[in-house]
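Below is one structure, written out as structure tokens; the observations come after it.
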Amino acid sequence: MLDIATVRREPDRVRRSSDRRGIDPAFVDEILRLDAEYRSALAALERAQAEKNRLSSEIGRAEDRSAAAAELRPRLDALAKTIAGAQATVATLSPDEAGSPLRALLEESPNLLDASVPDGHDESANQLVRSWGTPREFTFTPRPHWEIGEALGILDFERASRLSGSRFSVLRGAGARLSRALAQYFLDRAVQRGYVEVAPPYLVSRHTMWSTGQLTKFSDAMFRDADAGLFMIPTAEVPLTALHAGEILDASSFPRKYAAYSACFRKEAGAAGKDTRGLMRQHQFEKVELVWLALPESSFEALEALINDAAALLEELGLAYRVIALCAGDTGFNAAKTYDLEVWVPSAGTYREISSCSNCTDFQARRAEIRLRREPTSKPELVHTLNGSGLAVGRTLLAILEHGQQADGSVVIPEALHPYTGFSRISPPG
RNA sequence: GGAGAGGUGGCAGAGUGGUCGAAUGCACUCGCUUGGAAAGCGAGCAGGCGCGCAAGCGCCUCGGGAGUUCGAAUCUCCCCCUCUCCGCCA
């Protein structure tokens with residue numbers, strides 16, 4: 001959610017950011033107009049309330065309260081009418097009132113972009129930041145992971161679709177083991193890097209989902225149980241970021257770094273026809289998510305650290321990757337700046353997203369009311385939140401299968417995982 | 001799912017219609033005291049919003065919402081949550 005105070009103080013900054021995202025900045029003027037209207041209505045209401053409070057306490061102080069009440073009644077009745085009217089006006093204008101036009105505009109506006117975000121409308125304008133490793137040269141035509149996995153008997157999409165429909169998978173034997181090894185490995189490495197491991201709920205309330213900015217009119221691709229009022233998390237970013245919602249945290253505990261393994265659930269309705277085969281895009285997938293609560297002045301340094309934490313995992317696994325800075329038009333609603341981490345996928349002959357790391361600045365913290373206090377006597381201020389995958393389990397598994405495939409159909413497992421898998425190669429049955 | 005108890009400031013815990021945004025204690029901040037500290041003493045110390053250059057002034061908030069009343073933390077209704085016991089269950 002945008003800060004009304006920022007719109008007032010720096011409307012040009014808001015206009016520029018919106019324009020760069022491809023959003024008509026006209027709404028800024030609308031916000032300013034509604035806000036001016038709101039504040040004058042609020043001032044009128046507060047004047048009437050102050051008058052009423054004065055009269056009421058006068059009655060409370062009087063010798064003969066009922067006599068005083070009787071005497072002041074006409075003025076109080078008139079004030080009550082004024083107040084009721086003013087309240088109704090304020091309610092329709094207030095930025096704090098759910099459903100008011102001003103509130104709606106503030107909630108629908110995406111986060112302000114950082115100045116370092118490159119211009120551009122779509123992913124073609126994204127910028128390469130750096131790359132690591134070289135894609136493996138094959139002496140044979142590399143097969144896609146679903147063929148490799150099915151031949152090895154470790155991936156089963158046919159039975160998955162009988163169980164649940166399309167975009168589900170069944171992992172079996174060494175495949176299931178490899179998946180578990182990855183999750184365990186990612187978590188262990190995160191803890192070694194100072195993250196606190198968290199096992200969060202996979203179902204969260206509407207309010208929690210709303211508080212992290214997932215419930216906008218632009219994105220409702222989530223599975224949910226309307227009866228219970230619960231949503232299945234599309235990412236552990238939601239419970240991790242909202243973990244300290246409503247709290248005022250001591251600045252000395254910053255930065256706070258959390259890591260959680262979870263299943264994630266997405267309808268992916270907008271992605272029909274894209275990545276229909278394999279593990280790339282599933283309704284249910286697993287991921288280790290990394291979340292930082294950072295001091296405002298150091299959140300962009302934190303973003304660099306976060307993307308490096310995620311990238312280090314790929315280096316340890318020997319998988320070639322590149323880091324991409326998303327352009328303005330490709331940067332998500334919550335984010336001020338986003339880096340994507342893309343891993344080389346041999347069968348596709350290109351890099352594919354395996355992690356997305358974002359600095360959401362104070363945008364999520366404003367809704368979730370996550371604050372910090374610098375000194376015992378200082379005022380609370382909003383924290384900055386960051387999130388990124390470290391990493392997506394299915395996509396990493398996919399990359400390992402394709403990268404490690406051999407001419408004889410077996411797959412060589414990266415050494416870093418051997419302590420977790422207990423095997424160094426997956427060989428065809430028989 | 002059934003029965004009961006309860007939700008007040010960072011914490012504990014008073015407050016059952018009127019100078020209560022809230023006693024008291026602890027924690028915390030500043031000052032005095034001290035060689036230094038502790039203790040002691042004094043002052044301060046919730047959050048949000050609006051007006052104001054500022055000092056400051058005002059409004060709102062005692063789980064959330066609606067109501068009664070000139071006036072609600074206190075009374076009424078609805079909802080949410082927590083705890084205890086019972087049932088069920090991995």
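The values are calculated or read from the model by the stated rules, or taken from the named source; none is laboratory data. Bear in mind the structure is a predicted one, so any value in this text is a computation, not a measurement. Glycine gets a Cβ as well: all are built from the backbone with ideal geometry, and neighbour counts include every protein chain shown. Protein only, heavy atoms only, side chains kept; ligands, DNA and RNA dropped before computing areas. Shrake-Rupley method; radii C 1.70, N 1.55, O 1.52, S 1.80 Å.
General remarks:
- Rounded FRET efficiency, nearest 0.05, which uses the C-beta distance separating A:ALA228 from A:ASP77 and R0 of 60 Å: 0.80
- Residue of A:ASP35, A:ASP24, A:ASP227 that the Gaussian network model of chain A assigns the largest fluctuation, springs spanning Cα pairs under 10 Å: A:ASP227
- Considering only A:PRO74, A:PRO110, A:PRO142, the Gaussian network model of chain A with Cα springs below 10 Å gives its largest mean-square fluctuation to A:PRO74.
- Taking A:ALA226, A:ALA263, A:ALA242 in turn, the Gaussian network model of chain A (Cα-Cα springs below 10 Å) assigns the largest fluctuation to A:ALA226.
- Accessible area expressed per residue, chain A, with surrounding protein chains retained (probe 1.4 Å, Å²): 47
- For A:ARG13 and A:SER164, the FRET efficiency from 1/(1 + (r/R0)^6), where r spans their Cβ atoms and R0 equals 51 Å, is about 0.65.
- When the chymotrypsin sites (Phe, Trp or Tyr not before Pro) in segment A:321-430 are filtered for DSSP coil states and for at most 15 other beta-carbon atoms within 10 Å of their beta-carbon, the remaining sites are A:PHE423.
- Between segment A:165-208 and segment A:26-55, the Cα center-to-center distance that results, in Å: 49
- Rg over Rh, two decimals, segment A:331-387 (C-alpha only, Kirkwood Rh): 1.26
- As a fraction of the 1.4 Å probe accessible area of chain A, surface on carbon and sulfur atoms comes out at 49 percent.
- For segment A:1-144, the relative contact order comes to 31 percent (Cα pairs under 8 Å, sequence separation of at least 6).
- An oblate overall shape is assigned to segment A:197-337, the ratio a/c of its alpha-carbon gyration tensor axes (a ≥ b ≥ c) being 1.5 or greater and a/b not exceeding b/c.
- Annotated for chain A: lysine pairs at least 8 residues apart or interchain, Cα distance under 20 Å, count 5.
- Computed [θ] at 222 nm, deg cm²/dmol, chain A (DSSP H ≥ 4; -39,500 (n - 2.57); rounded to nearest 500): -13000 deg cm²/dmol
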